[in-house]
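Asker: Take this structure, written in structure tokens, and hold onto it; I'll ask about it next.
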Amino acid sequence: MCIIDKEFSFKPIASTGFAVMSCLGKLYNRYLFFYLMSPTFDNYANASENARGATYPAINDDRLYRAIVPVPPLQEQHRIVDKIEEILPYIDQYDKAYTKLETFNKKFPEDMKKSILQMAMQGKLVEQRSEEGTADELYEQIVAEKAQLIKDGKIKKEKPLPEITEDEIPFEIPSSWIWVRWGELSFSIQYGYNAPALSEGHYRMVRISDIQDNKVLWETVPYCKIEDKEVATYLLEKNDILFARTGGTVGKSFLVKDVPYEAVYAGYLIRTRYNSERLAPEYLKFFMESQLYWQQLRNGTIATAQPNCNGQTLAKMMIPIPPFEEQKRIIAKIEELLPYCDQLIK
């Protein structure tokens, strides 16, 4: 809809999709223009008895010309138009402000969650307590335990990971914390098992698609055939963390809290295992939801048609580790605060 209020050097014509209206002396064209933009006329034009046609509903000339128009005196029409044109810029400003506010409101809950997790990773969410010891002591215990497991032949010895340099450290952490690489903490980083999905069997095989909203949809999990000698390598246990290594879900993680069936995990997943009595599982999971984790993942992701990430990327990731008791207090504080983010979303 528009008003032609200037002279042309040529004679313009309108296509059949337009109705051309000319106002006589007692009707101000800008008043009619604003009326035709009003909800009153819009409701009339779009009423089922007026707007005909399934694909392109349209009002015909007869129905259009039957529309009733309230017509005040000519001078009042001009005053009405003047007032509308005075107010419209404020409406435009309000619309921009409202759109900006809506965008902010939609982003705020997620931004708030990111801030909570960032504070947690920086040691700013809870206070430090000297009686809880240091992460250095915790790390020494983990290293000693891993060395014993390697000696006993229960886990494999891995290639040494590069030391963390000052340039790599993204932010300061409390003096009782330490920076370590994920691979130094984990007992294993194991790729999943590749086998055809079966409708029946003994061992179930958890796939990426079976994990939704941090839950395994066990009713969708198929079975698979696996040799007895391979079961121990791939069998899921409580507190395992699964990590999607390819596709649109690359980097998404899942903390296994219970395993109601004997189950292994599929090839597009990586499992990491650690001592849950020294490293709180939920703390590791929250790290894998933090910006620090995602930034490192992006840096290590291979950019192809199907983005993918390997176990080495996870092993090399730096993670800030607090003492064990502080890990638990951080978890409690995050779990106290995150519901507020969910409420904001709702």
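Asker: So which residues in the stretch 217-234 are touching a strand residue (DSSP E or B) at 6+ places or on another chain (Cβ under 6 Å) and closer than 27 Å to residue 284 by Cα, if there are any at all?
Answerer: 221, 234
Asker: When the residues of the stretch 272-326 are narrowed to those that are touching a Cys at 6+ places or on another chain (Cβ under 8 Å) and assigned to a helix (DSSP H, G or I), which ends up surrounded by the most Cβ atoms within 10 Å (Cβ to Cβ)?
Answerer: 297
Asker: Please go through the stretch 1-37 and give me each residue that is closer than 26 Å to residue 76 by Cα and basic (Lys, Arg), ordered by number.
Answerer: Matches in the stretch 1-37: 6, 26, 30.
Asker: May I ask you to list pairs of residues, at least six apart or on different chains, whose Cβ atoms are under 9 Å apart, with the first in the stretch 192-205 being under 20 Å from residue 242 (Cα atoms) and the second being among the basic types (Lys, Arg) and surrounded by 13 or more Cβ atoms within 10 Å (Cβ to Cβ)?
Answerer: The qualifying pairs are 192/207; 192/245; 192/271; 197/207.
Asker: Okay, next question. Name the pairs whose Cβ atoms lie under 6 Å apart, with the first residue in the stretch 138-162 and within 21 Å of residue 311 (Cα to Cα), the second outside any helix (DSSP H, G or I) and open to solvent by 60 Å² or more (accessible area, probe 1.4 Å), and 6 or more positions between them or separate chains?
Answerer: Short answer, once both residue conditions are applied: 142/278; 150/157.
Asker: To continue, here is another question. So is residue 180 β-branched (Val, Ile, Thr) and part of a strand (DSSP E or B) or not?
Answerer: Against the criterion (β-branched (Val, Ile, Thr) and part of a strand (DSSP E or B)), residue 180 qualifies.
Asker: Let me ask something additional. Assess whether residue 290 counts as being under 30 Å from residue 202 (Cβ atoms) and not aromatic (Phe, Trp, Tyr).
Answerer: Spelling it out, it is not the case that residue 290 is under 30 Å from residue 202 (Cβ atoms) and not aromatic (Phe, Trp, Tyr).
Asker: Sort out which residues of the stretch 183-214 are over 17 Å from residue 236 (Cα atoms) and assigned to a strand (DSSP E or B), and write them in order of number.
Answerer: Scanning the stretch 183-214 gives 198, 212.
Asker: Would you point out which residue out of 199, 175, 130 is open to solvent by 70 Å² or more (accessible area, probe 1.4 Å), small (Gly, Ala, Ser) and touching a Pro at 6+ places or on another chain (Cβ under 9 Å)?
Answerer: When all the criteria are applied, what remains is 199.
Asker: Residue 115 is checked against (1) open to solvent by less than 80 Å² (accessible area, probe 1.4 Å); (2) of a type outside the set (A, V, I, L, M, F, W, C); (3) touching a residue at least 24 places away in the same chain (Cβ under 8 Å); (4) assigned to a helix (DSSP H, G or I) and fails just one. What number does that condition carry?
Answerer: (3)
Asker: Sticking with this structure for a sec: All but one of (1) closer than 24 Å to residue 152 by Cα; (2) buried (at least 20 other Cβ atoms within 10 Å of the Cβ) hold for residue 238; state the number of the condition that does not hold.
Answerer: The single condition residue 238 does not satisfy is (2).
Asker: In addition: Can you pull out every residue in the stretch 257-268 that is open to solvent by less than 10 Å² (accessible area, probe 1.4 Å) and either at pLDDT 95 or above or among the charged types (D, E, K, R) (or both)?
Answerer: Residues satisfying the conditions are 263, 264, 265.
The values are calculated or read from the model by the stated rules, or taken from the named source; none is laboratory data. Everything numeric in this text was worked out from a predicted model, so none of it was measured. All Cβ positions, even for glycine, are placed from backbone atoms using ideal geometry, and neighbour counts span all protein chains on display. Please note that ligands, DNA and RNA were not included when accessible areas were found on the heavy atoms of the full protein model with its side chains. Shrake-Rupley method; radii C 1.70, N 1.55, O 1.52, S 1.80 Å.
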